[in-house]
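One structure below.
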Amino acid sequence: MSEKREKFVKLAEGRTQAALDAIRKIGNLSNRRAYDFDEQDVKKIAKALRDAATELERKFGSTSGAEKDVFKL
């Protein structure tokens, strides 16, 4: 395995595990006996996570890191 591949695998595994752990911790906030929240709060959290996942997929799908969101009609 190449050095670049080894570095990618090591970092990707660690960072992905950290992200999954953080998402599980957000899920722990669903305990209504400990926290007060409404449906709007849940929707905002879910949207932020979906948007981040979409951006992640966009970055990996693109060969150019310099791309910006462009509005077109």
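Couple of notes before you dig in:
- Pick from segment 52-73, criterion part of a loop (DSSP other than H, G, I, E, B) and open to solvent by less than 70 Å² (accessible area, probe 1.4 Å), ranking: modelled with the lowest pLDDT: Ser64
Rundown of residues vs (1) of a type in the set (Val, Ile, Thr); (2) open to solvent by less than 70 Å² (accessible area, probe 1.4 Å), yes/no style:
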residue	(1), (2)
Thr16	yes, no
Leu20	no, no
Arg24	no, no
Gly27	no, yes
Arg32	no, no
Tyr35	no, no
Val42	yes, yes
Arg50	no, no
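- Top-ranked residue of segment 19-46 - restricted to ones that are assigned to a loop (DSSP other than H, G, I, E, B) and hydrophobic (A, V, I, L, M, F, W, C), ranked as nearest to the chain's Cα centre (by Cα): Leu29
The values are calculated or read from the model by the stated rules, or taken from the named source; none is laboratory data. Quick caveat, the model's predicted, so the values are computed rather than measured. Only protein heavy atoms, including side chains, enter the accessible area calculation; ligands, DNA and RNA are left aside. Shrake-Rupley method; radii C 1.70, N 1.55, O 1.52, S 1.80 Å.
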